[in-house]
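Beneath this line is the structure, given in structure tokens, with notes to follow.
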Amino acid sequence: MKMEKAGKIDKIGKLVRKEIGELEPYTCARDLYKEADAFLDANENSFGACISPVEGVRLNSYPDSDQNRLRDAIASYAGVERDEKIGKQFFQTCKLPRCCETFNLQAENILVGNGSDEIIDLCVRTFVGAGENIISVEPGYSMYGVCARAQGANVKVSLLGKDFQPDVKAILAQADAKTKMIFIVSPNSPVGAPVKIAKIEELARRANAVVFVDEAYVEFGGQSAAGLVEKYDNLIISRTFSKAWGLAGLRVGYAISNRKVISIIRRLKAPYNLNSLSSALALKALKSGREKMLANCRKIRIEREKLRQALEGLGFSVYPSVCNFLLAKPPLGAMTASRMQKEIAKSWIIVRDRSGMPTLQNTFRITIGMPGQNAKLLAQIRKLLKQGAKYDCVLFDMDGVLIDVSKSYIAAIGKTANDYLGNLEKQEKTGTGKSIGKRMVGGRGLVEGRRLIGREEIDAIKALPGFNNDWDATFALVRQAMNKESVGLAKPLTSKDRKGRLYASLKGKFQEYYLNGPIQAEKPLVDADFLACLKKSGVKLGIVTGRPRAEAEFAVGNNSWQALFPDKNIVALEDCDEEKPSPKPVLLAIARLGAKNPIYIGDNVSDYEACRKAGVPCIIIGNGTAGDWNIGKMSDLMVMV
């Protein structure tokens, strides 16, 4: 994506859809006349509503189509004026950046909507057309993708980093000429971590797209980017009255941006998109409810930290949050978050399972409740932890879990790939074989005959879904090297690839090397006493491996595990028509063992994906792949016994 230089740049004109730029907005009756002794122009019922006025609102009249009084009040509030007591309090509470302390907002900077969902939809329809795309920084809010897909647009995903900050470099690398919007939630939901203001400003400055920052939770903590909207014309901030204000039932949200952007989006706005009652009550909240809103935020923070400490004391991993919720992962040995959420719901307490969101495996989100509600929740969680998960079956991957293959399979991958590429290099130099010319690797591949495929490259290919099979991994490494492509861009093999001469040649060389020495040198990664302890506890044991059966049975026999893993408890390569990451091998093992509540132990993304699709909780050894739980070594599993 082309980068822009720092400074104020007029980008918005190029980003607006042509149809919107040429659109003549609808003019309603209240757009033409705001005041009169008698409004006889809009076909309202002059004899009045069938019920009495509420909050002084005459219900037989259409609302103000421009929401001018509400927009003025929002502008005053969101501008954080220093001479206003509540503004100072809000500034201190939310730790707003210095650039936001004194800036001025006017009604022209504000667009009010029927909840922030309408704001999102209006913005997407204004800027994104069919065949174009958005980038959603995830985990985040799924409505961005829903609105974009409804427009016929594509959705790209950029994952938050381990520090829960957007990776600006990665986002810009994903963006192209058809990228129209980039969506960020700050503070993030469902994690709760705020995004650094410098990250947002860098994106607004460098991206040739609208940067949409969803600040639904900003009153609870974090930094607001609202002070940047006049500096960057491609920046839109979204907020809501649903969270800190406690007015979710009103459905009032609003956008903050520069005047030009707001005026363009308003062309699409329905004439009376916000009803009179919601408008009046939101205005009342801004005038007389700010002190209580801030007081409630303080109470929520206190209860949040009490709940955090209690959950961590019970062994939960709790994500960092400045919001009115916590994201938590149950301790190892407990039931999964998805199962625990369902059990908690039986006591009429509802928390939100977030396990299906990117990078948030095995988590649920807890909205901070009243002290009594939080206490009831904790009592139920303690009860469930005491019951335990009651797993009746443990399924193991073999390589890297039960057996150390660093000097066997891993070594065979490297030797086979490097030998093949080395022979190609020699043939090119001597002219004795078919020239591979420009297909030969440069940089990370073969340089002056040196073989550079090592553990880093092998780990990289094994970290991708679809390369659980070591023959496939070897083929992919060779193919990527010959095509001068990054290992990370490797695609799973097709049936045609596996039937080709290159695959057959590499497979033959791999087996020739592996079966003549390395297989005999393989060492166990798990203590036999631990496995015996598991079996003695009544848990069924099984193996799901991509090894050929003869090699799997050899490893079992070589370690005297026949009593622990009889042949029928092993699902090997020949037993299933699909390999992991397909769930079929896992489901076959479950059926063979008659398991009702199994758990799987693996070490790579193919293991995790197979389990996810099979609905089986998965423990991953190491940190290379995120599992439902991650452990450093097999002995950590003793907690399950």
Once phi for every residue in the range 396-413 is put through the Karplus expression 6.51 cos²θ - 1.76 cosθ + 1.60 (θ = phi - 60°), the whole-Hz ³J(HN,Hα) values, with Gly and Pro written as x, are 10, 6, 9, 6, x, 10, 8, 10, 7, 10, 4, 10, 10, 4, 4, 5, 5, 4
Once amide H atoms are placed 1.01 Å from N in the peptide plane, what residues at a sequence separation of 5 or more from PHE325, or on another chain, have their amide H within under 5 Å of its amide H?
ILE368
Using θ = phi - 60° and the Karplus relation 6.51 cos²θ - 1.76 cosθ + 1.60, list the HN-Hα couplings for the range 126-132 in order, rounded to whole Hz, with x at every Gly or Pro.
6, 10, 10, x, 4, x, 8
From the phi angles alone, apply the Karplus equation (6.51, -1.76, 1.60; θ = phi - 60°) to the range 168-175 and give each ³J(HN,Hα) in whole Hz, x where the residue is Gly or Pro.
4, 4, 5, 5, 5, 5, 6, 5
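Evaluate the relative contact order of the range 485-595 (contact order divided by residue number), counting alpha-carbon pairs under 8 angstrom at least 6 apart; express in whole percent.
Rounded, it is 22 percent for the range 485-595.
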Taking DSSP loops as anything outside H, G, I, E and B, show the longest stretch in the chain free of chymotrypsin sites (Phe, Trp or Tyr not before Pro) there with at most 12 other beta carbons within 10 Å.
48-347
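Share of antiparallel DSSP beta bridges in the range 210-315, in percent to the nearest 5?
50
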If each Cα of the range 169-229 is one equal point scatterer, what is log10 of I(q)/I(0) from the Debye formula at q = 0.16 Å⁻¹?
-0.50
With a Förster radius of 51 Å, plug the Cβ-Cβ distance of ALA38 and LYS306 into 1/(1 + (r/R0)^6) and report the FRET value to the nearest 0.05.
0.30
Which of (i) 51; (ii) 26; (iii) 37 is the computed percent of Cα pairs over 44 Å apart? It is (iii)
Hey, how many Å between the Cα centroid of the range 550-616 and the Cα centroid of the range 172-211?
42
Carbon and sulfur: what percent of the chain's accessible surface (1.4 Å probe)?
52
If the reach is capped at under 20 angstrom between alpha carbons, list the lysines near LYS162, excluding any in the same chain fewer than eight residues apart.
LYS196, LYS199, LYS329
Taking only protein heavy atoms and a 1.4 Å probe, what accessible area per residue, in Å², does the chain have with all protein chains in place?
46
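What value, in deg cm²/dmol to 500, does the helix sum -39500 (n - 2.57) over DSSP H runs of n ≥ 4 give at 222 nm once divided by the residues of the chain?
My calculation for the chain gives -11500 deg cm²/dmol from helical runs alone.
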Compute the Cα gyration tensor for the range 191-292, then decide on rounded, prolate or oblate, letting a ≥ b ≥ c be the square roots of its eigenvalues: rounded whenever a/c is under 1.5, prolate when a/b is larger than b/c in the other cases, and oblate in all that remain.
oblate
Amide H within-cut-off set for SER406, under 5 Å, with H built and near neighbours excluded
none
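The values are calculated or read from the model by the stated rules, or taken from the named source; none is laboratory data. Fair warning: this is a prediction, and the values are worked out from it, not measured in the lab. Here the Cβ is made from the backbone with ideal geometry for all residues, glycine too, and neighbour counts use every protein chain on show. With ligands, DNA and RNA removed, areas are computed over all heavy atoms of the protein, side chains included. Shrake-Rupley method; radii C 1.70, N 1.55, O 1.52, S 1.80 Å.
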